[in-house]
1. Residue under question is residue 141, and the condition is that it be in contact with a strand residue (DSSP E or B) (Cβ under 6 Å, 6 or more places away or on another chain) and either hydrophobic (A, V, I, L, M, F, W, C) or surrounded by fewer than 12 Cβ atoms within 10 Å (Cβ to Cβ) (or both); does it hold?
2. Residues of the range 93-113 being outside any strand (DSSP E or B) and either in contact with a Cys (Cβ under 6 Å, 6 or more places away or on another chain) or of a type in the set (Lys, Arg) (or both), which ones?
3. What's the total number of residues in the range 181-217 that are among the basic types (Lys, Arg), closer than 15 Å to residue 165 by Cβ and more than 23 Å from the chain's Cα centre (by Cα)?
4. So which residues in the range 181-205 are free of Cβ contacts under 8 Å to residues at least 40 places away in the same chain and not hydrophobic (A, V, I, L, M, F, W, C)?
5. Within the range 60-103, count every residue that is among the charged types (D, E, K, R) and crowded, with 16+ Cβ neighbours inside 10 Å.
6. Tell me which helices (runs of 4 or more DSSP H) are completely within the range 124-232 and hold 3 or more residues being within 30 Å of residue 65 (Cα to Cα), or say none if there are none.
7. Is it the case that residue 147 is within 19 Å of residue 51 (Cα to Cα) and either at pLDDT 95 or above or among the charged types (D, E, K, R) (or both)?
Amino acid sequence: MFNYQDFGIKEGNLYEIIATTYSISENGMEIKPNASCMGIRMIEGEQIQISPFYNTITYKNLKEYNTIAINFVDDVYLYALAALKEPESPIDLKDFPSKYYNFKYIESRSMDVPYIKKAWGLLVGEVSHEFQKTKDDNFGEIVIPVFKLDVIFTEKLQETHKLFNRAENLALEATILATRLKIARESHNETKFSQIYEKIKDFIKNIERFGKNKRALKTIHLVDKYISSLIN
């Protein structure tokens with residue numbers, strides 16, 4: 001049974017994690033991992049609930065292979081790498097760097113499942129149920145998929161429940177807002193774009209003012225590079 005207390009998880013709370021899924025090459029010889037910055041909740045019955053958008057690789061992989069690794073990571077820079085990568089990346093970040101992946105053999109799946117080697121905790125989930133819900137995300141109502149996951153494997157890789165400090169929290173918020181900024185640009189919502197942009201720049205100024213957290217500074221450097229590409 002999944003002992004969620006070991007991971008500091010409380011039922012109903014939203015937690016930011018890095019989700020890793022995989023696809024398999026046509027010849028069946030290669031596992032291609034994918035990492036995404038996402039939110040999860042633990043719900044009744046000790047299940048995990050996750051909601052990737054329909055147009056994402058995470059959704060496609062989860063739909064096809066029913067398996068996902070939930071990585072608890074305390075390095076905010078890795079969240080930025082997972083969140084800001086895209087196939088036609090204007091900042092040359094097309095994939096989450098392969099050097100951060102490792103593989104865990106899951107006996108019930110009879111295969112190696114990719115995970116983040118710097119994670120302090122790992123859950124592997126298997127889809128038990130999928131449904132849809134309507135969400136208002138400030139850009140209008142959208143329909144998103146919701147997956148309920150049974151936890152089939154757990155491992156504490158390090159004994160830590162590190163909490164982000166203020167600079168790291170702001171860097172994570174700036175990263176998430178950067179993904180929203182792109183949506184505002186693509187939807188031609190200039191008012192929302194301006195609001196999000198100003199908030200990100202304010203976060204960046206505050207982090208730079210703190211000045212001592214190297215991972216937070218590295219994260220906002222990447223975020224700044226990304227948002228600049230949306231303006232130019």
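1. For residue 141, the condition - in contact with a strand residue (DSSP E or B) (Cβ under 6 Å, 6 or more places away or on another chain) and either hydrophobic (A, V, I, L, M, F, W, C) or surrounded by fewer than 12 Cβ atoms within 10 Å (Cβ to Cβ) (or both) - is met.
2. 94, 99, 109 - these are the residues of the range 93-113 that are outside any strand (DSSP E or B) and either in contact with a Cys (Cβ under 6 Å, 6 or more places away or on another chain) or of a type in the set (Lys, Arg) (or both).
3. Counting residues in the range 181-217 that are among the basic types (Lys, Arg), closer than 15 Å to residue 165 by Cβ and more than 23 Å from the chain's Cα centre (by Cα) gives 2.
4. 186, 188, 190, 191, 194, 195, 197, 198, 199, 201, 202, 205
5. Matching residues across the range 60-103 total 3.
6. 166-186
7. For residue 147, the condition - within 19 Å of residue 51 (Cα to Cα) and either at pLDDT 95 or above or among the charged types (D, E, K, R) (or both) - is met.
Residues are listed down the side, and each one gets a yes or a no for (1) farther than 26 Å from residue 204 by Cβ; (2) charged (D, E, K, R); (3) touching a residue at least 60 places away in the same chain (Cβ under 8 Å):
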| position | (1), (2), (3) |
| --- | --- |
| 68 | yes, no, yes |
| 84 | no, no, yes |
| 101 | yes, no, yes |
| 116 | no, no, yes |
| 133 | yes, yes, yes |
| 145 | yes, no, yes |
| 156 | yes, yes, yes |
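The values are calculated or read from the model by the stated rules, or taken from the named source; none is laboratory data. Computed from a predicted structure; not experimentally measured. Neighbour counts run over all protein chains shown; Cβ positions are idealised from the backbone, glycine included.
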